[in-house]
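Each reported figure results from applying straightforward, stated rules to the coordinates on display, with no laboratory input. Bear in mind the structure is a predicted one, so any value in this text is a computation, not a measurement. Positions of Cβ are backbone-derived with ideal geometry, glycine not excepted, and every protein chain shown enters the neighbour counts.
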Amino acid sequence: MLCLFVVLFEWAQRTRQYALDLDKLPIMVRWMIYYAAILSIVVYGSVGENEFIYFQF
């Protein structure tokens, strides 16, 4: 779901030099995107005590 959002966002800004250029967006929209990104990291991030992946090597 989040990947689809990023792809659609990049496609909507395809005419710009950088696809994720947020400087031209209104400040409220920009901060909503920042907060949504932080919230998605917190919600979908790894929680719990998982063993570090490289300990198995």
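Summarising the label geometry, the points placed 7 Å from Cα in the beta-carbon direction at V43 and T15 lie 3.1 nm from one another. Summed over qualifying helices (DSSP H, 4 residues or more, each -39500 (n - 2.57)) and divided by its residue number, the chain shows a 222 nm mean residue ellipticity of -16500 deg cm²/dmol.
For the chain, the longest principal axis of the Cα atoms and the long axis of helix 2-12 meet at an angle of about 20 degrees. Note on D23 and A36: the model spin-label points, each 7 Å out from Cα along the C-beta direction, lie 2.2 nm apart.
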